[in-house]
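Structure below; questions to follow.
Rule-based calculations on the coordinates, nothing more; no lab input. Quick caveat, the model's predicted, so the values are computed rather than measured. Neighbour counts are summed over all protein chains in view; Cβ atoms, including those assigned to glycine, are modelled from backbone coordinates with ideal geometry.
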Amino acid sequence: MDIKRVKDYLYWLYYQYLLITCSYVLEPWEQSMFHTITVTIFAMVVYTAYVFVPIHVRLAFQFFSQIFGGQPESTV
């Protein structure tokens, strides 16, 4: 893939982000604060999903396997 096309595509995605969030009307220091807060919230959501979703999926699997007649785990 051509480097210029990749660069143009990334610029287009960034422009779409600015349009969707309406942050293009902000001043530069306001944009940096907005982007910092947005990235921080996104990082916290990803981290929380990474840590807690597997635990909940495992617990849900155990719960439904007990309901639908799965073998109980040995307590020995």
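How far is helix 28-67 tilted off the main Cα axis of the chain, in degrees rounded to 10, range 0 to 90?
Approximately 20 degrees, to the nearest 10.
Given labels modelled 7 Å from the Cα in the Cβ direction, how far is it in nm from ILE55 to ASP8?
Computed distance between label sites ILE55 and ASP8 equals 4.8 nm.
Note down, for the chain, the three equivalent ellipsoid semi-axes (square root of 5 times each alpha carbon gyration tensor eigenvalue), biggest first, whole angstrom.
Whole-Å semi-axes of the equivalent ellipsoid: 46, 18, 11.
Using the Cα centre of the chain as the reference point, and only Cβ charges (+1 on K/R, -1 on D/E), how large is the resulting charge dipole? Debye, rounded to the nearest 20.
Dipole size: approximately 200 debye.
Would you mind checking which residues have amide H under 5 Å from LEU26's amide H? H placed 1.01 Å from N; only 5 or more apart, or other chain.
Those qualifying (amide H under 5 Å, at least 5 residues apart or on another chain) number zero.
Specify the angular offset, from 0 to 90 degrees and rounded to the nearest 10, of the alpha carbon long axis of helix 3-21 from the longest principal axis of the alpha carbons in the chain.
Once rounded, the angle reads 80 degrees.
Could you give the length gained on full extension between ALA43 and PHE68, defined as 0.36 nm per residue of separation minus the Cα-Cα distance, in nm?
Here the answer is 5.3 nm.
What is the local net charge at TYR14, summed over the other residues whose Cβ is closer than 13 Å to its Cβ (Lys, Arg +1; Asp, Glu -1)?
Net of charged neighbours comes to 0.
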